[in-house]
Structure formats: structure tokens, C-alpha cells
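What follows is a single structure, written as C-alpha cells, with notes after it.
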Amino acid sequence: MSNPRTLGPWLRRFLAEYIVTERNLARNTQKSYRDTFALLLPFVGAKARKPVERIAVQDLTARHVRQFLDYLEEDRGCSVQTRNQRLSAIRAFARFIASRDPGRIEWSGSIRAIASKKAAPKPIGWLSKAEMKELLQVPDRRTPRGRVEHALLLFLYNTGARVSETTQLVAGDLQIGRRGGGQALVNIHGKGGKHRQCPLWPRTEAALTELLQGRAAGDAVFLSRQRRSYTRFGVYRLVERSAARVPSLAGRRVTPHTIRHTSACHLLQAGIDLNTIRAWLGHASLDTTNIYAEIDLEMKARAMALCDAAEPGSDRPWRANTGLIAFLAAL
């Protein structure tokens, strides 16, 4: 290492060697770590009044990290979840340096002692079957562009795939048009290098078959207007633009992840068990999938409240409890 006091050489080893070779983290996690430091370094450089290349390890203080986290939330409008994700990357970096340089243990401890911020769980947004049908009808399938957009929306709904899984999809991942009318399948490359297969509906198979005319196995399935693979931003824009044209979705924020939740909720309503839905969505743990069971129970509770007849009240006169229990209830 050229200069152990400078942050740059440490960061290069961390991003290019440690998380890739030693930790073997997923590509999306590597990009997330990279993006964290692409934001952090200019911020710390401005605080320390140094160019990025001259930032020292000691310039990355716990106070600067806390200021950076506040900047993410207040100036950039990031969520608490994003703030905590950025903090995790910085902690991992501090731990890496301390493991190689014992003299930095105290510095590392001050960074790692920064607490994650507790975030209230966000309510799960999803669409009814009628709303999802309207969304799928937005693209004009009489045009080549409309057929691509419809196929992409239909694929998201059919598979519940994440945006990254959709943009990475290539023609060779699809098993469609099989002899003997076999079930059409897609191989999805999920988080953490995991793979899963998902069955395709006949209408999804038909829409994708039309897109793949003349494509090689390594070609992207979904191409933008520039004949390039769709980006994450492109998929988000497509979903938002389509949702804006559905009157019943006015004022609601609809994202590709909303369609993923919609797919899971509709599977649950169709009687599919949670473990199958877990495998369908590529969740590592059944605990993650259980949020959809809670949503369904809420729907059942609302339905019961609407149809339940009121029971007759008791004939006994009500008297206020003025004892110890009433005191405790009032606290």
C-alpha cells in the first residue's frame, strides 16, 4: 500500500479485493457500497477542506459520518432505510481497516458505534386485480414499443421479479415454445447469486415469444427505444408513467416493487401457500413472506367488520371502575 494514512488505497483494497474476493458479495451489494463512498468522499473532502485524493483515514471521523447521514435524509431526501444501508457500508469499511491495522481499532470503534436509526415499517402498497388489469392495458399493443412495455409489465406481474432481476434477463434465461406444449419457464438470477425458476402464463409466453424474434441467447429480453437493455430507471419510469394514466390510481405512488407486492397478494388470495410464494419471489426467509399473510388477515378483519351484525347490549347498567385497575388504565 502506497500510503497507509491516506483513505484512497484502503478504499481501493476494500472495494476491489475484500468485498469481491474475500466476501464474495453480490454484484448489487458491491454497487451499493461503491455508491455510498461516491457520495461520502466529496462530503468529507468538503468538511476537511481537502481534495478527495488527499483525504486521510483520520479525516473520516464519527462526527463527519453523522453529518453525512443527516445530509442524506435532510438534503437528498433519502429514507431511513437508505440511511441505514449507507451506514452499514461505512461500518464494514471501518471494520476492514481495523482488521488490517490494529492501530486503527479505536478509530474503527467510534465509527461502528454509530447506531442505526429505527424506522417505522412502511405499509405495503399493492393493486387490486381490476387496477392491475387497467395498468396492463395502458401500453398501446398496436405499436412495437407498446408491445415491449406491455410484455415488461406483464412479466413483472407474472413473476414478481425485482427490477434488477428483470433488467438482467437475457433470452437464454427463457424456456418458451417448448415441444409438446411443456410449461414455459424463466430462470431468474436473484439476490446473493441465487437462482430460481418461475412458471410463465401462456399470455406472458406469447408476449415474450414475439420480442425474442432474431435474438441470440445472450441478448437482453427487454430493450429500450435506443435498442439497449432497460435500466432500473427506465423500468421505474415505465411503471410510473403507466400508473399515471390509470384514473383509479390517481394520487398513489406505484413502483415496480408495488407490482411485486401485488403478485404476492394475488397468489395468496388464490390459495397458494406462503412457502410456495417465498420460493416464487426468491425470499431467503419465510419471515419476509409473512408480511403478505398479515395483509390478508387485515382484509378479512375489514370484511368481518362490514358484515358482522351488532350484538344487543347488556341489560346490566354500566358502572365506572374507580379502583386500582381504572387508575392503571388511565396512566
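A short reminder: the numbers here are calculations on the coordinates, not readings from a lab. Bear in mind that the values here come from a model prediction, so they are computed numbers and not experimental data. Quick reminder, even Gly has a Cβ in these numbers, built from the backbone with ideal geometry, and neighbours come from all protein chains shown.
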- Counting pairs of alpha carbon atoms under 8 Å apart in space and at least six apart in sequence, what relative contact order in percent does the chain give? 14
- Item | Rough spin-label spacing in nm, given labels placed 7 Å along Cα→Cβ, for ALA113 and THR21 | 3.4
- Note on the structure: Descending packing, highest mean Cβ count within 10 Å first, for 184-195, 206-217 is 184-195, 206-217
- Item | At R0 = 22 Å, FRET efficiency that the Cβ-Cβ distance of ASP70 and ALA38 yields, to 0.05 | 0.75
- Residue-span extension gain [GLN175 to ALA216] - 0.36 nm each, minus C-alpha spacing: 13.4 nm
- Query: Once fully extended, how much extra length lies between ALA48 and GLN269, figured as 0.36 nm per residue of separation less the alpha-carbon to alpha-carbon distance?
  - Reply: 74.0 nm
- For THR255 and GLU106, extending 7 Å from Cα along the Cα-Cβ vector and measuring point to point gives, in nm, a value of 4.2
- Item | Theoretical FRET efficiency, 1/(1+(r/R0)^6), r = Cβ-Cβ of GLN226 and ALA62, R0 35 Å, to 0.05 | 0.20
- Message: Quick check for you: which residues of the stretch 28-60 have the amide N under 17 Å from the point 7 Å beyond the Cα of ARG5 toward its beta carbon?
- Response: 48-60
- Query: Can you work out the FRET efficiency for the pair GLU240 and THR276, with r the C-beta to C-beta distance and R0 = 30 Å, to the nearest 0.05?
  - Reply: 0.50
- Put +1 on the Cβ of every Lys and Arg and -1 on every Asp and Glu Cβ in the chain; which of PRO121, SER248, TYR33 then has its Cα farthest towards the positive end of the dipole? TYR33
- Query: What distance in nm separates the simple spin-label points at ARG147 and ASN28, each placed 7 Å from Cα in the Cβ direction?
  - Reply: 3.0
- By how many nm would the segment from SER285 to ARG13 grow when fully extended, if each residue of separation counts as 0.36 nm and the alpha-carbon distance is taken off? 94.7 nm
- Note on the structure: If every Lys and Arg gets +1 and every Asp and Glu gets -1 at its Cβ, then about the Cα centre the chain yields a dipole, in debye to the nearest 20, of 1200
